[in-house]
Every structure is written in C-alpha cells, then in structure tokens.
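Below you'll find the structure, written out as structure tokens, and then a few comments.
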Amino acid sequence: MKKNQVIYMMCATALLSSCHIYKAYDRPDTIETAGIYRDPVSVTDTLAADTTNMGNIPWTDIFRDPKLQSLIEEGLANNVDMQAAILRVEESKALLTAARLSFLPSLNLAPQGSTTTIGSSSFAKAYTLPAAASWEVDLFGKLLNASRDQKTIYLQSQYSQQAVRSQLISGIANTYFTLLMLDRQVEITTETVDIYKENVRAMEAMKEAGMTTEAAVVQMKAVYHQVSSSLINLKRQVREVENSLSVLLAKAPQQIERGRLEDQYIPEELMAGVPLQLLENRPDVKIAEMSLASAYYTTNKARAAFYPGLNITATAGWTNGSGITVSNPGQFMFQALASLAQPIFNNGKLMANLKVSKAEEKIAQMNYQQAILQAGKEVSDALHLYDATNKMLVQDKEQIAQLEKAVEYTKALFQSAESTYLEILSAQQSLLSAQLTEVSDNVQRMQAVINLYSAVGGGRE
C-alpha cells in the first residue's frame with residue numbers, strides 16, 4: 001500500500017471518530033427551571049407562571065420620577081464601571097475577529113540582500129524577494145473550537161455589560177429612594193423637635209405657675225435634646241447618601257436634586273414571568289451558561305489535540321542567488337511544503353488535559369444550575385418582600401391613626417390633671433417611632449419592586 005493511501009486512511013478514521021469535536025454547544029437537557037419561583041403567600045406552593053415579565057419592560061416605565069430618570073441616564077453615560085464594561089466588549093470583539101482570521105493563510109514578505117567579496121575580486125551582489133504563505137488546515141476542529149470559544153468570551157463580555165447596566169440602574173434607584181426616605185424622616189423629626197420645643201416652653205410656664213415640678217421640666221428637656229440629636233444624625237445620613245450617589249454618577253460629592261417620597265409611582269402588580277425566561281433575560285445566568293459553553297469548547301479542543309495537524313507552507317518570489325553562483329537577471333522561484341504532525345509520545349499528557357477539561361465542564365454545568373437557583377431565590381425574596389411590606393403598611397397606617405388619637409387624649413387628660421407628663425412623652429415618642437417606621441416600610445416596598453425588576457433581568461438594552 002502506498003504511503004499516500006495510508007495517510008488518507010488515517011485521516012478518514014480520525015474524521016469518523018471525531019464527529020463530536022465539530023458539534024456546537026447545546027444547552028443540556030438536565031438544566032431545571034421548573035418551580036424555582038416560590039409563592040409569596042403559600043408556604044408550600046410555587047408561583048404560577050406569568051405571561052408578562054417585568055424584565056422586558058423599559059426602566060423608564062418602572063421609574064417614572066423625571067429627576068430619577070435624569071440621574072439614571074447620567075449614570076449610564078458616565079459611571080466608571082459602565083464605561084469599563086463597554087471597553088471590555090470592544091476588546092473581546094477584536095479578539096473574536098482575530099480568532100476568525102486564523103482560518104485564513106498568513107502571508108509574509110521578507111526581502112533579503114547581500115554582498116560578497118573574496119580577496120581582490122569584485123563584489124557579488126545577491127538578492128531574494130520572497131513572499132511566504134502559511135496555512136494551518138483545520139482538519140479536526142482545533143481552530144473551529146478556538147473560534148467558538150472566543151465567541152462565548154465575547155458574548156460573556158456583552159452579558160457582563162448588561163449586568164453592570166442592570167446593577168447600576170437598580171443601585172441608583174435604591175440610593176435615590178433611600179434619600180427620599182431620609183428626607184421624609186428629617187421632615188417628621190423636625191416637626192417632632194418643634195413639638196418638643198413647645199412642650200418644654202409650656203412645662204416651664206406650668207412650673208412657674210406651680211402646676212408641675214422641676215423634674216418634669218428636666219425630663220421634657222432631655223427628650224427634646226434626644227430627638228434633636230437624632231435629627232442631626234439623620235441629616236448626616238442624607239449627606240453620606242448624597243455623596244454615595246454622586247460617586248455612582250462619576251462626579252464629586254454634591255447635593256442631589258430630587259423629588260418627594262409621596263410622589264413616587266409604585267406598580268400595583270408585579271410580574272415575574274415564566275421561569276424559563278430567566279435563562280435568556282438575566283445577564284448573570286447567561287454569563288454562567290457562556291462559561292459552560294466555553295468549558296465545552298475547551299473539552300473539544302482537548303479532544304482535537306489527539307489528532308494530527310496539517311500545515312501547508314509556500315514560498316514564491318525572485319532571486320539571483322542559487323546558493324552557489326550569482327546570476328543576473330534574477331529568476332522566479334516557487335516552493336511548497338505540506339507537513340502532517342501526529343502526537344505519539346505525549347498521549348499521557350493529552351489524556352490528563354482531557355480529563356481536566358471534562359471535570360471543568362461538569363463544574364461549569366453545576367455553577368450554571370446554581371445561578372438559576374440563585375435567580376429564583378432572588379425573585380422569590382422580592383415577591384415576598386413586596387407582599388409583606390404591603391401588609392405592614394396597612395398596619396403602620398392603623399397604628400399611626402391610633403397613636404395620634406392617643407397623643408390628643410393624653411394632652412387633654414393632662415390639662416385636666418388626669419394624666420402625667422410621662423404619658424404625654426410616651427405617646428409622642430411612640431407616634432414618632434411609628435411614623436418613621438411607616439416611611440421605612442414604604443421605601444422597602446419600593447426596593448422590593450427594584451429588586452424584582454433586577455432579579456428578572458430588567459434594565460437591559
């Protein structure tokens with residue numbers, strides 16, 4: 001049997017045994033998404049799938065405050081992490097282009113010239129003007145899998161950009177609502193400080209009239225200073241949150257223009273969508289899947305390493321030097337060479353690399369499934385938080401209404417000497433605490449909306 005026939009048979013056998021190498025990545029059938037949304041009310045049931053997914057709604061329809069919209073747009077344009085993510089996408093795109101060009105032959109020009117003399121003889125001038133081409137024939141998918149792997153890296157960078165975008169939108173919104181909460185708490189506490197200041201004045205007048213004691217006046221003053229101190233602390237928090245939001249916007253710490261808490265829009269119904277949509281909508285889940293795809297192609301590259309590589313090189317050009325004599329004019333030259341390299345003695349190393357690649361692929365698949373479970377957990381948490389805060393706000397309003405009545409009743413009883421100043425203080429402090437709690441719960445409900453929007457992949461371009 002001729003040598004060429006042997007080579008052809010080897011190549012044919014290798015091709016038949018390497019079909020898997022050419023197969024593109026498909027999502028594994030073992031990935032589970034059913035039942036990952038827990039019902040916010042029921043202890044045991046899972047949430048029925050919605051036809052609509054909040055993640056598909058533009059962020060401008062979720063956050064309707066014009067000042068908040070302006071801040072989000074500013075953050076998307078200037079935030080450092082966002083700009084870095086955009087540059088990483090461009091970098092990955094350039095690398096992907098380079099990987100695709102590896103299928104094409106490479107061409108190099110390498111002109112050379114020399115002069116030679118022996119004794120008193122005249123100079124012999126020789127030159128070579130060659131063009132050398134080299135082409136790696138992708139018989140067993142080495143270049144194909146490398147190109148596909150680079151594409152997954154490029155897609156990962158795109159999903160990473162989406163993740164940064166989504167996190168930035170939710171981060172700005174959360175910080176903005178925190179500011180509104182603090183503003184409202186400052187208003188309530190300021191009003192309470194004014195009330196206590198008036199109480200101190202009234203108690204001092206009553207002491208002068210012999211209607212109360214110095215101990216009562218001192219106690220009222222102590223409470224007044226306590227609430228005044230809490231007001232100072234709230235204003236400090238306002239300043240710190242403003243500074244944090246400024247950094248998100250990539251600018252020096254400064255005052256942030258904003259609306260009022262009472263004017264904010266809250267969606268009446270939250271829609272989580274079909275669990276399967278998480279696989280396409282959530283950037284972090286897509287990143288995990290692309291990591292799995294990359295591991296899959298790495299395994300294919302490890303398989304391809306067992307098979308021979310074919311390289312074709314060719315050189316063409318003009319030269320006047322044959323290696324022995326120099327002739328003028330120069331003559332055209334052409335040379336072609338094909339080489340087939342088959343690994344033989346490094347089979348152990350190749351097998352070890354394949355085992356490692358398979359193990360990494362399994363780990364990537366487990367991480368992908370875990371990312372889906374984590375996404376389901378975040379959706380479930382946000383839905384339950386929204387449901388819980390809605391119920392808490394109902395209780396908060398009822399509590400505040402009752403405490404406002406209690407304050408009025410104790411004041412009237414005190415005027416008729418049927419109640420003590422301590423009862424007034426207790427009622428007013430309870431009312432202040434309830435009012436601050438209501439504001440906090442209201443913002444928590446808003447943050448539940450933000451968390452759900454982010455959890456279902458909202459904020460994508």
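The values are calculated or read from the model by the stated rules, or taken from the named source; none is laboratory data. Values in this document were obtained by computation on a predicted structure and should not be read as measured data. Reconstructed Cβ throughout: ideal geometry from the backbone, glycine too, with neighbour counts over all protein chains shown.
What to note about this one:
- Scanning region 286-302 for residues that are of a type in the set (A, V, I, L, M, F, W, C) and at pLDDT 90 or above gives I287, A288, M290, L292, A293, A295.
- Residues of region 286-303 satisfying the condition of being surrounded by fewer than 23 Cβ atoms within 10 Å (Cβ to Cβ) and either among the small types (G, A, S) or more than 16 Å from Q150 (Cβ to Cβ) (or both): S291, S294, A302, R303
- Restricting E360, E408, E438 to those that are part of a helix (DSSP H, G or I) and more than 30 Å from V186 (Cβ to Cβ) reduces the list to E360.
- Residue count for region 198-229, restricted to those that are assigned to a helix (DSSP H, G or I), in contact (Cβ under 8 Å) with a residue 24 or more places away in the chain and touching a helix residue (DSSP H, G or I) at 6+ places or on another chain (Cβ under 6 Å): 9.
- Within the option set L168, L182, being of a type outside the set (F, W, Y), surrounded by fewer than 21 Cβ atoms within 10 Å (Cβ to Cβ) and part of a helix (DSSP H, G or I) holds for one residue only, L168.
- Here is the figure for region 182-241: residues that are under 49 Å from the mean Cα position of the chain (by Cα) and over 18 Å from E423 (Cα atoms) total 26.
- Long-range neighbours under 7 Å by Cβ, at least six apart or interchain, first residue more than 13 Å from I169 (Cα to Cα) and in contact (Cβ under 8 Å) with a residue 24 or more places away in the chain within region 53-79, second in a helix (DSSP H, G or I) and among the aromatic types (F, W, Y): M54/Y453
- Output for region 254-287, where each listed residue is part of a helix (DSSP H, G or I) and more than 25 Å from the chain's Cα centre (by Cα): L261, E262, D263
- For region 11-42, the candidate set comprises residues that are among the β-branched types (V, I, T), assigned to a loop (DSSP other than H, G, I, E, B) and at pLDDT 75 or above; within that set, the residue that is surrounded by the most Cβ atoms within 10 Å (Cβ to Cβ) is T33.
- Residue in region 444-461 that is acidic (D, E) and touching a Ser or Thr at 6+ places or on another chain (Cβ under 9 Å) present: no
Here is a yes/no grid of residues against (1) surrounded by fewer than 18 Cβ atoms within 10 Å (Cβ to Cβ); (2) under 31 Å from the mean Cα position of the chain (by Cα):
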{"position": "L350", "(1), (2)": "yes, no"}
{"position": "V356", "(1), (2)": "yes, yes"}
{"position": "I363", "(1), (2)": "yes, yes"}
{"position": "M366", "(1), (2)": "yes, yes"}
{"position": "L383", "(1), (2)": "no, yes"}
{"position": "D387", "(1), (2)": "yes, yes"}
{"position": "A401", "(1), (2)": "yes, no"}
{"position": "A412", "(1), (2)": "yes, no"}
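- Against the numbered list (1) part of a helix (DSSP H, G or I); (2) modelled with pLDDT under 85, K355 comes up short only at (2).
Residues are listed down the side, and each one gets a yes or a no for (1) within 32 Å of the chain's Cα centre (by Cα); (2) closer than 23 Å to R260 by Cα:
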{"site": "I372", "(1), (2)": "yes, no"}
{"site": "L431", "(1), (2)": "no, yes"}
{"site": "Q444", "(1), (2)": "yes, yes"}
{"site": "N451", "(1), (2)": "yes, yes"}
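- Of all the numbered requirements in (1) of a type in the set (A, V, I, L, M); (2) modelled with pLDDT under 90; (3) under 27 Å from E73 (Cα atoms), L350 misses one, and that requirement is (3).
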